[in-house]
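J.: Handing you a structure now.
The values are calculated or read from the model by the stated rules, or taken from the named source; none is laboratory data. Since the structure is predicted, the reported quantities are computational estimates derived from the model, not experimental observations. Every residue, glycine among them, receives a Cβ derived from its backbone with ideal geometry; neighbour counts consider all protein chains shown. Note: accessible area is taken over every heavy atom of the protein model, side chains too, but ligands, DNA and RNA are not part of it. Shrake-Rupley method; radii C 1.70, N 1.55, O 1.52, S 1.80 Å.
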Amino acid sequence: TGHWEMAGIVSSAPMPTYPNGFPPEIIEQLEAAFGRKILCNKPYSGTEVIHDYGQEHEETGALIVYTSADSVLQIAAHEEHVSVEQLYDYCRQAREIMHGKHGVGRIIARPFVGAYPNYTRTPRRHDFSLDPTGDTMMDALVRQGHEVIAVGKISDIFAGRGITRSTGVNESNADGMEKTLCIQQEDFTGLCFVNLVDFDMTYGHRRDIAGYARATTEFDVQLGTFMEHMREDDVLMITADHGCDPGAPGTDHTREYVPLLVYGAQIRKGVNLGTYPTFAMIGATVSDMFGAG
């Protein structure tokens, strides 16, 4: 809901979460749809779940289904036993089942490779989101004939709606920024909406302080290149959909207040924006810039 709120959709009620795993009737429906048994069915760390259940998955063919503190249903499978496309099909089937009161925000495919105990997740993750429940800044821009270019998992989060072009999932923050720097060379009018997932997935949830610091330093170098190539009417916004402090206990998101930095030749310097009650001010600001509504 953080990305949705940035785009203008303020959710009146939280999406369902499953701190005790999914109820038996849901597991039965999923197993019937998949034609496979299900392992785990608990909130779990993504790297730990493949370590703890990967061997059994390889031996039995059962799928690893787990959740987190977020409104998600995640399906993990070894690429040598379940092809990535087959895993995506299982996620599409789960998306059809998980609606109404069980309408989780995302069904996530989590392919992995390797041999026990050295399993690793691959960058072929794919999110199957609920359709946005309202009008977004992207919808408003597209109606006016502007481009909306998605980098990373943005298209997945919005179920492809309001997106004119997507580069797909990034292999890393650096890859996402390389794609963004290439798009910056193009002549287009509209929005480029970028998600850099390593801060959250690779370092934040793993509580890897050194890795987080290294990723921030690498991003800072590419950001400097981006800023050097900005044109007179370009505007850059840097923010997040939630906090994920690598120094905090546990593995979940840590706070909802996040920084917002806005930069450009026509942006007044040194202004404190204060604290806003909603991420939706970002979508409202972008829409105002284009006179879109």
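J.: Report the antiparallel proportion of the DSSP beta bridges in region 119-263 as a percent, rounded to a multiple of 5.
T.: That works out to approximately 35 percent antiparallel.
J.: Skip the ligands, DNA and RNA, and give the accessible area per residue of the chain with a 1.4 Å probe, whole Å².
T.: Value for the chain: 50 Å² per residue.
J.: So, one more: Whenever you get a sec, compute what percent of the accessible area on the chain sits on carbon and sulfur atoms (1.4 Å probe).
T.: Answer for the chain is 51 percent, counting heavy atoms of protein chains only.
J.: Same structure again: Under a crude label model (7 Å from the Cα following the beta-carbon direction), how far is MET15 from GLN185 in nanometres?
T.: 3.5 nm
J.: Toward the positive end of the charge dipole of the chain, about the Cα centre and with charges on Cβ (Lys, Arg +1; Asp, Glu -1), which of GLY270, VAL148, MET227 goes farthest?
T.: GLY270
J.: Something else about it: In nm, to one decimal, how far is the modelled label at HIS51 from the one at THR278, with both set 7 Å along Cα→Cβ?
T.: 4.2 nm
J.: While we're here: Roughly what % of Cα-Cα distances in region 117-228 sit above 17 Å, to the whole percent?
T.: The calculated P(r) of region 117-228 puts 60 percent of pairs beyond 17 Å.
J.: Antiparallel versus total DSSP beta bridges in the chain: what percent is that, nearest 5? Intermediate results must be reported in sequence, preceding the final value.
T.: Values: 13 of 31 bridges.
Bridges in the chain that DSSP calls antiparallel: roughly 40 percent.
J.: Still on this model: Residues with beta-carbon under 9 Å from that of ALA109, excluding ALA109: net charge, scoring Lys, Arg +1 and Asp, Glu -1?
T.: Residues close to ALA109 contribute a combined charge of +2.
J.: Under 22 Å Cα to Cα from LYS101, which lysines show up? Leave out anything in the same chain fewer than 8 places away.
T.: The qualifying lysines are LYS42.
J.: Next up: Could you work out the pair-distance distribution P(r) of region 46-128 from its alpha-carbon pairs, with 10 angstrom bin width and percents rounded to whole numbers?
T.: With a bin width of 10 Å, the distribution comes to 19, 53, 25, 3.
J.: Determine which residues of region 31-74 fall in the zone a paramagnetic label at ARG255 would reach in this model, i.e. backbone nitrogen under 14 Å from the point 7 Å along Cα→Cβ.
T.: Label zone hits: none.
J.: Helix-only estimate, please: 222 nm mean residue ellipticity of the chain, summing -39500 (n - 2.57) across DSSP H runs of length 4 or more and dividing by its residues, to the nearest 500.
T.: -10000 deg cm²/dmol
J.: Only residues of region 166-186 count here: report those whose backbone N is under 19 Å from the spot 7 Å along Cα→Cβ of MET289, or say none.
T.: Residues 166-167, 177-186 qualify, since their backbone N sits under 19 Å from the label point.
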